[in-house]
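Peer 1: I have a structure I would like to understand better, so I am pasting it below and will then ask my questions one at a time.
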Amino acid sequence: MVFEFLKDKKILFLSVQTFNYEKAIADKLRRFGAKVDYFDERPSNSIFSKGIIRLKRSLYQKKINSYYQDILEKTKQSKFDYFFLIKGEVVPEFFLKEFKYKNPNCEFIYYTWDSFNNNPNVLSILKYFEKKFTFDSNDALEYNLDFRPLFFIDEYEEIMKFRCSRFKYDLLFLGTAHSDRYKISNSAVNWCREHNLNSFAYYFMPSRLVFLFKSLFDRSFKSFDYKKISFKTLNINQITEFYRESSVILDINHPGQNGLTMRTFEALGAGKKIITTNVNIKKYPFYNENNVLVIDREKVVLSRSFFESPFIAIEKELYFNMSLEGWLKSIFVGQKEFFWIKEVR
C-alpha cells in the first residue's frame, strides 16, 4: 500500500477551518496509520478575528503569538515526522524556527488553496518548507512551487457509485455570496425557467453584519436579494443530498482566482456535469466538453443540449488523482504528477 510509510508517523497539522476539509484530511491521514495533532491556524474563528487578521493583523499579533506559544507548549513532549501547513495565513516565523529546532528531522510541507494575492503573509515563511504546493498555476510559476490542484472527498465518490437516473434539479448552485455570483447565477436560473428546467441556488453569508458591511462597501453586493441570503452553513450531508438530487452543478469562481475551485472537483467526483466561469479548466486533463460547459461571466449563454447528454465517466487513474487520496499521495509521497504539468507550461 502506497501509504504504509505513514503508519505511526507523527504529524502536526495546521490549517484554517474551511468547511471541514481540514477534518477530512486529518481523518484520512489517521486511517493510513498516522498520528495527527491538529490545530486551527487561527486563534479564533469569530467574525471579528477573521476581519482584523485580514485588515490589520498587527493589532492582533499579541493574541497570535500567545496562541502559537501555547501550541509549542502542548507539543513539546512529542517528536514529529511531518509538519503540514495549509494556507499559512497567520502562522508566525518564530513558531516555525522554534518548532524546527525542536524537531530537526521533521519534514515541513506547505499547501495553499488560496492565491498569494489574497494571502501575502506566506511569502515570508516559504523558506522553512522542503515541499511547497499551490493550487494556482500562475503562483506555481512565479514563486517556483509545485503545482497541485484540489480534490474531492469520499462522500462525492459515493454519489458517483450510486447515480440517480431522475433528478429534482437540473441546475444547482451552492456557494458563499461574493463578487458577481448573484448576477451570474440569477441569469442561469432565469434561463432554466425559460427552458422549463428546475434550478436551485443557495447563497451563504457568515453573518448579517458581514452582509451589511459588504452591502455598504462592495458594489457587487448592491444587486443581492437579501431574502435569498442564508446565514446558516450547510453540512456535508445536506450538500451531498443536494448533489444527489441534481444533474448539473454551477461553479462561479472568484474573479481574482486562477486555480480551480473545490466545487469543480466535487462535481466531477460525484459524476455531475459542471457549468463554470473558469476558462482555465480547459487546460486540465479531465476537461471534456461533454461534461464541462465554460461560460462568459459577462454574458451567460447556456445550452439545452448540454443538459440532455449524459455524464461521461473519467478515466480511472485520473479520477483517483482527483480524489483526496490522490492529493495526499502527491503531497506526502512526493511523486511528480506529470499529467497536471500541461497546466503550468
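Peer 1: Collect residues whose amide H, placed 1.01 Å from N in the peptide plane, falls under 5 Å from the amide H of Y202; neighbours closer than 5 in sequence don't count.
Peer 2: Those lying under 5 Å, H to H, from Y202 are F173, L174, G175.
Peer 1: Excluding same-chain residues fewer than 8 positions from K168, which lysines have a Cα within less than 26 Å of its Cα?
Peer 2: K183, K227, K228, K232, K272, K273
Peer 1: For segment 235-305, what is the percent of antiparallel DSSP beta bridges, rounded to the nearest 5?
Peer 2: 10 percent
Peer 1: Could you give each residue of segment 311-316 its phi-based ³J(HN,Hα) in whole Hz, using Karplus coefficients 6.51, -1.76, 1.60 with θ = phi - 60°, and x for Gly or Pro?
Peer 2: 5, 9, 4, 7, 3, 4
Peer 1: Using heavy-atom solvent-accessible surface (probe 1.4 Å) with all chains present, what is the largest-first order of C106, C164?
Peer 2: C164, C106
Peer 1: Strictly greater than 18 Å: what percent of every Cα pair in segment 96-174 meets that?
Peer 2: Values: 1828 of 3081 pairs.
Looking at segment 96-174, the distances longer than 18 Å represent 59 percent of pairs.
Peer 1: Further, regarding this structure: Sorting check: for 17-29, 250-262, which peptide has the highest mean count of neighbouring beta carbons within 10 Å, and how do the rest follow?
Peer 2: For the peptides 17-29, 250-262, the packing ranking is 250-262, 17-29.
Peer 1: What is the distance in Å between the Cα centres of segment 239-316 and segment 90-125?
Peer 2: So the two Cα centres are separated by 33 Å.
Peer 1: Quick check on the chain: helices-only [θ] at 222 nm, where DSSP H runs of length 4 and up contribute -39,500 (n - 2.57) each and the sum goes over total residues. Nearest 500, please.
Peer 2: Computed mean residue ellipticity for the chain: -9500 deg cm²/dmol.
Peer 1: What do you get for Rg/Rh of the chain when both radii come from the Cα atoms and Rh is the Kirkwood radius?
Peer 2: 0.97
Peer 1: Now for a separate question. Search the structure for amide H atoms under 5 Å from the amide H of L293, placed 1.01 Å from N in the peptide plane, and list their residues when 5 or more places away or on another chain.
Peer 2: I274, I275, T276
Peer 1: If amide H atoms are built 1.01 Å from N in the plane of the peptide, which residues on other chains or at least 5 residues away come under 5 Å of the amide H of F152?
Peer 2: Those qualifying (amide H under 5 Å, at least 5 residues apart or on another chain) are S323, L324.
Peer 1: Moving to a separate point now. Taking each pair of distinct Cα atoms in segment 13-156 once, what is the resulting Kirkwood hydrodynamic radius in Å? Show your work: numbers first, answer last.
Peer 2: Details: mean 1/r = 0.0625 Å⁻¹.
The Cα-based Kirkwood calculation yields 16.0 Å.
The values are calculated or read from the model by the stated rules, or taken from the named source; none is laboratory data. Because the structure is predicted, anything quoted here is derived from the model rather than measured. A quick note on method: Cβ atoms are made from the backbone with ideal geometry, for glycine too, and the neighbour counts reach across all protein chains shown. Side chains included, ligands, DNA and RNA excluded: accessible areas come from the protein's heavy atoms. Shrake-Rupley method; radii C 1.70, N 1.55, O 1.52, S 1.80 Å.
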